[in-house]
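Please treat every number below as a calculation from the coordinates, not as lab data. Just so it is clear, the structure is predicted and the values come from calculations on it, not from any experiment. All Cβ positions, glycine included, derive from the backbone under ideal geometry; neighbour counts span all protein chains shown.
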Amino acid sequence: MAGFRFTQVLFSLGLCIYFGGLLILGAVVAPEIFHTISAAGVHASVINPKLNQSKELAGLIFGNILQIFSVFQLVCLFLMLFCSLFQMAFHLSALNIWVWLRLSGVLILAMLLGSQMLRLDPAVRREHKLYLQYIDSNPANAALHKAQFQRYHAAAERNGMIQMAVLLALVFIQGWGINYPTRHEFIRTLAQNAKLIEPPVKSS
């Protein structure tokens, strides 16, 4: 049972950090960064004066935080996937629908995170960089890249919301459906029902 319980703790740890991190970043950190910098009227000499410098600076700070947090997301996802496969191999019954629901949720999360890290995040940074590059020399081209940046940014936000929905589902699955019987107990129950072994004698 120790292996099952230990992997339960590891899975829950990864799930808590992933879910809680996204929730706090989106609901608390981002609004507070943008509000505080905007209210303070902070400006940066390295940012083009044609732009909303406070918003650009806040976006730069929050973008760097998200980039760092994506490493934590990757580690948490690895923990969750490892624990799911370990429990399926050594503890949980493969006939349990909750086991497959959890694995499906983790795999969907892996696809979403892969899309975020390999496609959306690089595209957001690339289009924003090109927008800044052309804002003085070629306004039409800059407007095109700004529109592309906004499109990828909106897609990244949708991706984050879908990740939150999947994580919330995993919280429910982990708390409600993933527990005993373990594989050992499941096989023992089957054997008892088939009268292959005697049930344990209850002490009076």
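Just checking the listed ones, PRO139, PRO49, PRO31: in the Gaussian network model of the chain with Cα springs under 10 Å, the one fluctuating most is PRO49. Relative to the longest principal axis of the Cα atoms of the chain, helix 53-90 runs at roughly 20 degrees.
Among 54-61, 76-83, the peptide with the highest mean count of other Cβ atoms within 10 Å heads the list, and the full ranking is 76-83, 54-61.
When the Gaussian network model of the chain links Cα atoms closer than 10 Å, the mean-square fluctuations of LEU190, LEU168, LEU85 top out at LEU190. Placing unit charges on the Cβ atoms of the charged side chains and taking the dipole of region 2-180 about its Cα centre, the candidate lying farthest along the positive direction among PHE86, PHE34, GLN67 is PHE86. Taking a Cβ cut-off of under 15 Å around ALA123, the surrounding Lys, Arg, Asp and Glu residues balance to a net charge of +4, with basic ones at +1 and acidic ones at -1. The residues packed around PHE149, meaning those with a beta-carbon under 11 Å from its beta-carbon, carry a net charge of +4 if Lys and Arg are +1 and Asp and Glu are -1. Based on DSSP H segments of at least four residues, each scored -39500 (n - 2.57), the chain has a per-residue ellipticity at 222 nm of -26500 deg cm²/dmol.
Across ALA94, ALA27, ALA40, mean-square fluctuation computed from a Gaussian network of the chain (C-alpha pairs under 10 Å connected) peaks at ALA40. Here's the picture: charge each Lys and Arg Cβ at +1 and each Asp and Glu Cβ at -1 in the chain, and of ALA142, LEU77, ALA2 the one pushed furthest to the positive end of that dipole is ALA2.
Compared with the dominant principal axis of the Cα atoms in the chain, helix 139-176 is inclined by about 20°. Taking every C-alpha pair closer than 8 Å and separated by at least 6 residues, the mean separation divided by the residue count of the chain gives a relative contact order of 24 percent. Relative to one another, the C-alpha centroids of region 161-175 and region 1-52 are positioned 18 Å apart.
Taken as Cα centroids, region 53-101 and region 103-159 sit 20 Å apart, rounded to the nearest whole angstrom. Computed from Cα atoms, the angle from the helix 183-193 axis to the main principal axis of the chain rounds to 30 degrees.
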